[in-house]
Amino acid sequence: MAEVTYLTHKGILFNAIYHSVENFIFLENEFQLLDDDVVSVVYPKSGTHWMAEILSLIRHDGDPTWTNSVKLVDRVPWIETLEGMECALKYPPPRLMSTHLPFQLFPKSFLHSKAKIIYTARNPKDVLVSLYHFAKAMKGVKHPGSLEEFLETFLNGTVIFGSWFDHMKGWLEMRNRANFFFITYEELQKDLRSSVGRICRFLGKELNSQQIDSVVENASFQKMKGNKQSNGAQIPEMIMDHTKGKLMRKGICGDWKTHLTVAKSEHFDHVYQENMRGVKVTFPWD
Ligand code: A3P
């Protein structure tokens, strides 16, 4: 059984294998975002790899050579990890970066920059199910127990990267900024082509029809699953036991329906409504 090694920073739990408090402090207070940076912000299990692949393909006009030959974490480093920060500091601009961080821990330099943020959200019930399966394979974190037990852990926010509700509410405060773009996993699923078009417009990137087709094709679940640079196979053994779970698990919307009883789903809805009261945004899962 792998050792459980959490760290807590500003009340939020993190996996201590690849995070450090020093890096969080540096990131929040000293790391400088540049005007041409693009940062994908995603709560865990909400489409982080998917968005990283889409952005990588858009960056290269739909040509999959880069996504097929370079590890996803080197193309779109996770700035809160020690390795990701090292990569971001060496990254020749314009940088593509990724983070799971809640807004309050994000670099303060964002407030004075034109760096573009793309926030991807997912139905929290599907996040719960995806995280539950993934947590069984992750090293350094507690075994999630039964799904019923993990449901409570998730709803009370004692999971890595903290509460889903706080993450959403914190980032949604930014939604009226011109350099902030909000999209959902459900929209990507429903119409990836038009979603790619919207992302391109936000980025000020013009792709022709064939290039957009190539982004859509190469960012499909099946293509990504077969790409060892993007399918999770590259996640180091010290972080994940690949015999116990897969990153590219099902890749669908509504898998929660096969996992939660009616009573558990209603309980979830109740906590959701309590927490999201006052949020004036309609989501695809509402
Ligand atoms: P499931 O566990 O529900 O299958 P993250 O990258 O934030 O860790 O999210 C992982 C989730 O995104 C997994 O969900 C995974 O299958 C899904 N995913 C990854 N790439 C995808 C794609 N191209 N299309 C649809 N879902 C994708």
Pick from the stretch 62-74 the residues that are assigned to a helix (DSSP H, G or I) and either open to solvent by less than 10 Å² (accessible area, probe 1.4 Å) or more than 13 Å from the ligand (Cβ to nearest atom) (or both): which of them is nearest to ALA233 (Cα to Cα)? LEU72
Test LYS250 against the criterion of being in a loop (DSSP other than H, G, I, E, B) and closer than 15 Å to ALA52 by Cα, and give yes or no. no
Can you run down the residue pairs with Cβ atoms below 8 Å, 6 or more apart or on separate chains, where the first is in the stretch 201-217 and free of Cβ contacts under 8 Å to residues at least 60 places away in the same chain and outside any loop (DSSP other than H, G, I, E, B) and the partner is surrounded by fewer than 14 Cβ atoms within 10 Å (Cβ to Cβ) and charged (D, E, K, R)? VAL216/ARG193
So which residues in the stretch 26-43 are within 16 Å of the ligand (Cβ to nearest atom) and open to solvent by 10 Å² or more (accessible area, probe 1.4 Å)? none
For the stretch 45-61, does any single residue satisfy the condition of being modelled with pLDDT of 95 or more, assigned to a loop (DSSP other than H, G, I, E, B) and open to solvent by 70 Å² or more (accessible area, probe 1.4 Å)? yes
Which ones in the stretch 1-37 are touching a Pro at 6+ places or on another chain (Cβ under 9 Å), of a type outside the set (D, E, K, R) and either over 14 Å from GLY84 (Cα atoms) or part of a helix (DSSP H, G or I) (or both)? ILE12, LEU27, ASN29, GLN32, LEU33, LEU34
In this structure, is SER40 assigned to a loop (DSSP other than H, G, I, E, B), modelled with pLDDT of 95 or more, touching a strand residue (DSSP E or B) at 6+ places or on another chain (Cβ under 9 Å) and closer than 22 Å to SER194 by Cα? no
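The values are calculated or read from the model by the stated rules, or taken from the named source; none is laboratory data. Keep in mind the model is a prediction, meaning the values are calculated, not measured. Here Cβ is always computed from backbone atoms with ideal geometry, including for glycine, and neighbour counts include all displayed protein chains. Accessible surface is based on the protein model in full, side chains and every heavy atom, while ligands, DNA and RNA are left aside. Shrake-Rupley method; radii C 1.70, N 1.55, O 1.52, S 1.80 Å.
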